[in-house]
1. Please give every one of the aspartates and glutamates within straight-line cross-link reach of residue 54, meaning a C-alpha to C-alpha distance under 20 Å, and leave out same-chain neighbours fewer than 8 residues apart.
2. Taking every alpha carbon pair in the stretch 1-67, what does the distance histogram look like in 10 angstrom bins from 0, in percent?
3. Residue 315 to residue 34: FRET efficiency via 1/(1 + (r/R0)^6), r the Cβ-Cβ distance, R0 41 Å, to the nearest 0.05?
4. With all pairs of different alpha carbon atoms counted, what Kirkwood hydrodynamic radius in Å does the stretch 244-302 show?
5. Can you list the HN-Hα couplings for the stretch 92-99, worked out from phi with the Karplus curve (6.51, -1.76, 1.60; θ = phi - 60°), rounded to whole Hz and with x for Gly and Pro?
6. Running a GNM on the chain with Cα contacts under 10 Å, which residue among 38, 174, 118 ends up with the highest mean-square fluctuation?
7. Once fully extended, how much extra length lies between residue 117 and residue 85, figured as 0.36 nm per residue of separation less the alpha-carbon to alpha-carbon distance?
8. If you wrap a convex hull around the C-alpha atoms of the stretch 130-281 and split its volume per residue, what is the figure in Å³?
Amino acid sequence: MNRQYLFDHYPNVVVTSECFKLHDEIISQIDEGEILVRNHYLSLDPYMRGRMSKAKNYAAGQELNTVMQGGTVGEVVESKHADFKVGDTVICTGGWQLYYRTAPTMDSNHVRKIDVSRIPMSVYLGAAGMPGITAWYGLNKIIKPQSGETLVVSAASGAVGSVVGQLAKQKGCRVIGIAGGPEKCEYVVETLGFDDCIDYKAYPDAETLSHELRQLAPNGVDAYYENVGGYIMDAVLDNLNAFARVAICGLIAGYDGRAIPISNPRAILVARASITGFIISDHMDIWPQALAELAEAVAKGVLIFRESVSVGLESAPDAFIGLLQGHNFGKQLVKLI
Ligand SMILES: NC(=O)c1ccc[n+]([C@@H]2O[C@H](COP(=O)([O-])OP(=O)(O)OC[C@H]3O[C@@H](n4cnc5c(N)ncnc54)[C@H](OP(=O)(O)O)[C@@H]3O)[C@@H](O)[C@H]2O)c1
């Protein structure tokens, strides 16, 4: 039997557990060219919220009554495909379910074998996976940090933000994180090695947050890696230096559909700032290099990662709702086996 979560209802503003429906099905015999994967870990990611909506987006929305999409790592348990054998560990878009039956094709990147001899398989969904590669791209290809510059990153303890800050430190930047709560901020500084971290919850508006940032960065901010939006973005824009670069990676504060306007666009003009949004799936060409570098850094212990693991497929809806509310501490995963 396979157990899966279907997308059952569009959220009415916030995501609730009623948006998802459990469904059991019998797994039929696989055909020639197919494999059956037992999913071990499911990745929960903020982009899933955007897909649960009819609003304009960069990718097609999730259809009602279909298996919730998502990245997974797991083990091939049956194979009628020449390139995969039983026991191979793979990363794929296996979705919110226990088993994934698929027909990998040569021109498709959707099932890849992964080397788990040096790093755990779950890391291919985090620091050495899509979130890490997103951090790598935004930092190296958009921000292009120079040694001695000051960089700010929001959602700093999370899957993307934690990698951004560590890579920027390795490039000689002064790095200031922004995160929710003292525990996350302490981790960002003490464990990840950022220079400072601001608990935005202690500064509930742009003015007070901007003031605090100015205390920590009296010479201004040269680069901003944006994961959140809203008043946090306003506060950072207010502190930009001339010709600052801003990479818009995510705007999670507005993913439930609430408008998160930029309150003072004059700051962009005054700083002559470059603001670039990007989606990592548009840049598949850099994945091999980024993945190799990140996996090597994790294996050597020079790139630290943290995971929030909820156990059992049935825990996925609550874990996802928690992710959107900041309850995760590090990369949010669901352990399925
Ligand atoms: N452009 C791309 O291709 C791409 C790819 C991957 C991810 N992303 C984006 O990158 C961002 C981070 O993703 P991730 O996977 O690394 O997630 P994450 O940071 O591990 O988890 C999300 C975090 O966002 C913070 N957050 C949630 N709601 C917030 C709010 N209203 N205000 C401020 N902070 C809030 C919470 O941290 P705190 O407790 O610190 O508030 C939460 O833990 C997201 O915006 C995501 O959409 C973009």
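Derivation of every value follows stated rules applied to the coordinates shown; laboratory data play no part. None of these values were measured; they are calculated from a predicted model. When we count neighbours, we look across all protein chains shown, and the Cβ atoms used for this are built from the backbone with ideal geometry, even at glycine.
1. Result set, ordered by chain and number: 8, 18, 45, 63, 256.
2. 17, 42, 30, 11, 0
3. Working from the Cβ atoms, E equals 0.90.
4. Averaging 1/r across every pair of different Cα atoms and inverting gives 14.7 Å.
5. My calculation for the stretch 92-99 gives 7, 9, x, x, 7, 7, 7, 10 Hz in order.
6. 118
7. Result for the pair: 9.8 nm of gain on full extension.
8. Value for the stretch 130-281: 101 Å³ per residue.
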